[in-house]
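**Student:** One structure is given below, represented as structure tokens, and several questions about it will come after.
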Amino acid sequence: MPVTSETLPKSGYTADTPKRYLLNAGALVRNLTWDSTAKKWTYDLLGATSGGSKLSLKNNLRQVEVDGVFATPVGGDMIESSEGTFEVNVIEHTRDNIKMALFADVQESDDTKYPAGYDVITPKQKIEESDYIENLGYIGTISGSDKPVIIIMDFAICTSGLEFEVKDKAEAIYPLTFAARTPMNDVTTTSLPVKILMPKESTQEARTTSETTTRVDGAPTGTEENTHG
């Protein structure tokens, strides 16, 4: 919103600044879907993290070269390609995450080649369509809202493989990197398959009203039941 003032600011801080902090590490989920009828989210938790996560959304630009033009003018930039990645430091070791990192098959041991009570995880030779995640979602806390910030990356695939270090007096953390992909029926697009849901900033009157109503947005906060199991 434009500001009109006789003086210029010495800082970007305003009375609204404390309402706009992105707090803590948040949560990462897979297959995040909003049910508009039940007014609830469904999702699969990726697992607990340690050391936070990193999101990178980038447009790669190309400057149009025109004879006689020696500086790039306004309108001379074109989006040539786009990249989106999540880097996640996971401390919770699960079969699903190992399978996802290695594009692997999982079979239950039949007590012949390996003892009973194990799942046998075997990397595959090729990537199948099922190895792409429907979406990967980041759920974060914005200081001025009861609603979370939600970033959804569609058609994510794990590009990092599996790597971790084990040692005494420490827990093994394995970094996973996920990259966004475009749908097969829209391969010419240069747009990132990413959606960012930012809570609307409410007025003081609206905030006062909301304090007397029941929260119905249903966004995952870490306490809801995981309906995917």
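Here, each number is a calculation from the coordinates, and none is a lab measurement. The shown structure was predicted, so the numbers you read here are calculated from the model rather than taken from an experiment. No Cβ is skipped: glycine too gets one built from the backbone with ideal geometry, and neighbour counts run over all protein chains shown.
**Student:** Where does each of 120-127, 141-148 land if you order them by average Cβ count within 10 Å, highest first?
**Tutor:** 141-148, 120-127
**Student:** With Rg and Dmax of the Cα atoms in Å as the read-out, I listed [x] 20.5, 62; [y] 22.6, 82; [z] 17.4, 59; which label goes with the value calculated from this structure?
**Tutor:** [y]
**Student:** When the chain is modelled as a GNM with alpha-carbon springs shorter than 10 Å, which of Asn24, Asn89, Asn135 fluctuates the most?
**Tutor:** It is Asn24.
**Student:** For Gly137, what charge total do you get from the other residues with a beta carbon under 13 Å from its beta carbon, if Lys and Arg give +1 and Asp and Glu give -1?
**Tutor:** Every neighbour counted, the sum reads -1.
**Student:** For the chain, what does the helix formula give at 222 nm: sum of -39500 (n - 2.57) over DSSP H segments with n ≥ 4, over the residue count, nearest 500 deg cm²/dmol?
**Tutor:** -1500 deg cm²/dmol
**Student:** Right, next: Where a Cα-Cα gap under 25 Å defines reach, which lysines qualify for Lys200, not counting those fewer than 8 residues away within the same chain?
**Tutor:** Lys19, Lys39, Lys40, Lys54, Lys58, Lys147
**Student:** Please work out the Cα center distance from segment 162-193 to segment 1-66, rounded to the nearest Å.
**Tutor:** 19
**Student:** State the extension gain, in nm to one decimal, for the chain segment bounded by Leu23 and Met184, taking 0.36 nm per residue of separation less the distance between their alpha-carbons.
**Tutor:** Residue separation times 0.36 nm, minus the Cα-Cα distance, leaves 54.4 nm.
**Student:** Here is a follow-up. What length, rounded to one decimal in nm, is gained on full extension from Ile173 through to Ser202, with 0.36 nm per residue of separation minus their alpha-carbon distance?
**Tutor:** Numbers: separation 29, 0.36 × 29 = 10.44 nm, distance 3.92 nm.
Additional length available on full extension: 6.5 nm.
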